[in-house]
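Down below is the structure, laid out as structure tokens.
The values are calculated or read from the model by the stated rules, or taken from the named source; none is laboratory data. As the structure is a prediction and not an experimental result, all values here were calculated from the model. FYI the Cβ positions are ideal-geometry reconstructions off the backbone, even for glycines, and counts take in every protein chain you see.
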């Protein structure tokens, strides 16, 4: 059974056992990433964001985002061009306009469909 689940989910048997234990002990939430909904450890300080977007609005609003990023780094702000781009296209509210993709090989829907058949567990 666990071998079949591993093959279907592209996981090792050991990983399937861990997922099964979390599913049995925590229910549906056990298969979700445990850092879901929490800020990233690599997240920049909000002061950097405030400073960068303020400077962009005041002095760099006519600049192409890549050129604005160069000016911001020259001013001593450490952020990537991609980060600035995401902040600018997000509408300045911190939410992306395009949802992020799942980082795992399976989605919640896949788990809801496959695990009950393999482990005879009611996922609800």
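Taking the stated definitions as given, is residue 79 crowded, with 16+ Cβ neighbours inside 10 Å and free of Cβ contacts under 8 Å to residues at least 60 places away in the same chain? First the steps, then the outcome.
On the way: crowded, with 16+ Cβ neighbours inside 10 Å: yes; free of Cβ contacts under 8 Å to residues at least 60 places away in the same chain: yes.
Against the criterion (crowded, with 16+ Cβ neighbours inside 10 Å and free of Cβ contacts under 8 Å to residues at least 60 places away in the same chain), residue 79 qualifies.
Mind checking which pairs have a first residue in segment 33-45 that is surrounded by 10 or more Cβ atoms within 10 Å (Cβ to Cβ) and a second that is outside any loop (DSSP other than H, G, I, E, B) and modelled with pLDDT of 80 or more, Cβ under 7 Å, 6 or more apart or different chains?
44/83
Suppose the filter is out of contact with any helix residue (DSSP H, G or I) (no Cβ under 6 Å at 6 or more places or on another chain) and more than 29 Å from residue 90 (Cα to Cα); does residue 58 pass it?
Numbers: out of contact with any helix residue (DSSP H, G or I) (no Cβ under 6 Å at 6 or more places or on another chain): yes; more than 29 Å from residue 90 (Cα to Cα): no.
No; evaluated as a whole, the condition is false for this residue.
Among the helices (runs of 4 or more DSSP H) confined wholly to segment 26-124, which include 3 or more residues that are over 28 Å from residue 15 (Cα atoms) and modelled with pLDDT of 90 or more?
Working: elements: 46-59, 65-74, 81-89, 108-119.
Because the criterion is at least 3 residues that are over 28 Å from residue 15 (Cα atoms) and modelled with pLDDT of 90 or more, the helices (runs of 4 or more DSSP H) in segment 26-124 that meet it are 46-59, 65-74, 81-89.
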